[in-house]
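Only one structure is covered here, and it is reproduced in the block below.
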Amino acid sequence: MRSNKMWMGKKGQRAALLGTLLAVMLGSTGCGEECLDAFDCRDQGAAPAGQAWACVEEKCTQVAINNNTGGDDAGTNTDAGTQTDAGAQTDAGTQTDAGTEPDAGTEPAPDAGTEPEPDAGSDPCESATYDPKLGTLQLQTGYVAGESAAVPGLANSGQIVVTPGPTYSLYTVIGGSVSSSDAPVVYSLGTWPQVELGATPLFDVLSPEDRSTTPGWIASALVTDGQRLLTGYMRPSGGIAPASGGVGVHDLATSASSTYLPAPNILYAGAAPGVFLTVSDSLGTVSEGQGIYALKTDASPFTALKVGTFPENIHGGGAISVSTHGVAMLSYLSKSDTRYHGHAVAPALLAQALATGTPFAVADAPEVVSFLGPVSAMGEGVVVLRGGDAPPDFAFTDVSRYAFTVTDAGATVTVGAPEPVLTFPNQCTLVSMMVPMGSDLLVKVQDKNGARLVRIRDGR
């Protein structure tokens, strides 16, 4: 039987690959320092093959992964743990001279490094059973796995967004990562479930004045209200250079019609009918410090205002998800536990802020959960990825849904108990992205069999 100690050695090597995947699937912290640990380097984009992001002297740095797998995609590599560990060799210091070899009773016990490494066949991820759609993930009672589609093999692809339906059009950002010098652009990914990359880009993420500047822009946001796309981009400064960044609003019916606005340190965005929400330091001409800003699109010209404030002394703002009945889950990264904390803002409270321009305090809204990310709306609720909090191996446990009940004419939100949708019996299959698809959920799963998108429905 394989010992726990042996498995942890291989698990640690797999965790390095997991760290690379996390760099793709999560957004920026917005800390003053460039990083505090590897978790803070998740805005750096995908690291090159054989590399992972680590925090070295408060700087995000690429380090070599000792895996020797030769694959490009963290989800398709053979587990680095199948290599023979150097610790399996007998320690030179424990060998005795042939003439002085003690008897069995006095032979010193070998240290942990002398324990032989099992062969590749004992790796649980090699012998595990993989479902064609969900891999080793376990779908929970009441939920149904619908159509699935392979993800195009795009080295620099980023976020994916889906229009509200009933026809689900998909879009993605190509470029705009530290590992790529290409300027970020938006491509069509077809109509679900026929997922394929369009022949030419549709929109530039960067504003015209920023397209001529040096590389280094990170594509930080991509959301849609069904009529328009909002893209966000920033240049991480590590607290040294002035804050920079912007958003673009692109009309899906008129590809040549795009509006660009300054939005320094834009980290995340969300969409509700008639409005886009951003986590940024300002938006357009409204500059009131880090918080939740809104861009009202129900009239021309668009109107920007600040609608939400964060607590003091946090690492930065977090993801935005808006349920189908208008509850906005807004989040921030806490310094106390280095986790995101989500709060459910009632529709009436958001509407009041949009009408009056008086911001609400995000932390005063009912708390949903602390989580790692990613996060996504799913019908009248939100789903989050849960797990441990020790990078680089976060030990994901489940994707759980929290239902939102709205009463008092939209003024009160009650947060339901967590209801698991997918569980992780192991870390062999990972969830690297979650996107709302109407009332359903689109998840990107990744393992040794590649990456694919899977639609999850509430079958009840």
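The values are calculated or read from the model by the stated rules, or taken from the named source; none is laboratory data. What you are looking at is a predicted structure, and each value in this text was computed from that prediction instead of being measured. Counting neighbours? That spans all protein chains shown, and the Cβs are built from the backbone with ideal geometry, glycine included. These area figures cover heavy atoms from the full protein model, side chains too; ligands, DNA and RNA do not enter into them. Shrake-Rupley method; radii C 1.70, N 1.55, O 1.52, S 1.80 Å.
The local environment of LEU252, defined by Cβ-Cβ distances under 11 Å, has a net charge of -1 under the rule Lys, Arg +1 and Asp, Glu -1.
Most tightly packed first, judged by the mean number of other beta-carbon atoms within 10 Å of their residues, the peptides 196-204, 451-459, 166-174 read 451-459, 166-174, 196-204. The modelled label-to-label distance for the pair ASP182/ARG460, using points 7 Å beyond Cα in the direction of Cβ, is 4.3 nm. If the segment from ALA128 to SER287 were pulled out straight at 0.36 nm per residue, it would be longer than the present Cα-Cα gap by 52.0 nm. Residue separation of SER336 and THR324 scaled by 0.36 nm, minus their Cα-Cα distance, works out to 1.2 nm of gained length. Can you give the net charge of the other residues whose Cβ lies under 9 Å from the Cβ of VAL454, counting K and R as +1 and D and E as -1? Overall, the nearby charge balance is +3. Per-residue extension of 0.36 nm, minus the Cα-Cα distance of THR254 and ASP298, leaves a gain of 14.2 nm for this segment. Along the Cα-to-C-beta direction of ALA355, a point sits 7 Å from the Cα; which residues of the range 411-429 have their amide N less than 15 Å from that point? Residues passing the 15 Å test: 411-412. With a cut-off of 16 Å on the backbone N, the residues of the range 411-446 near the modelled label site 7 Å out from GLN138 along Cα-Cβ are 419-430. Neighbours of THR309, meaning other residues whose beta-carbon lies under 11 angstrom from its beta-carbon, give a summed charge of -2 when Lys and Arg score +1 and Asp and Glu score -1. Once the C-beta distance of ASN449 and GLU312 is scaled by a Förster radius of 45 Å, the resulting FRET efficiency is 0.45 to the nearest 0.05. Note on ALA417 and GLU209: the model spin-label points, each 7 Å out from Cα along the C-beta direction, lie 5.4 nm apart. Take the alpha carbon gyration tensor of the range 389-460, find the square roots of its eigenvalues, order them as a ≥ b ≥ c, and report rounded if a/c is under 1.5; if not, report prolate when a/b exceeds b/c, else oblate. Judged from the Cα gyration tensor, the range 389-460 comes out prolate (a/c at least 1.5, a/b above b/c).
Hey, can you find the accessible area per residue of the range 271-425 for me, probe 1.4 Å, expressed in square angstrom?
That works out to 36 Å² for each residue.
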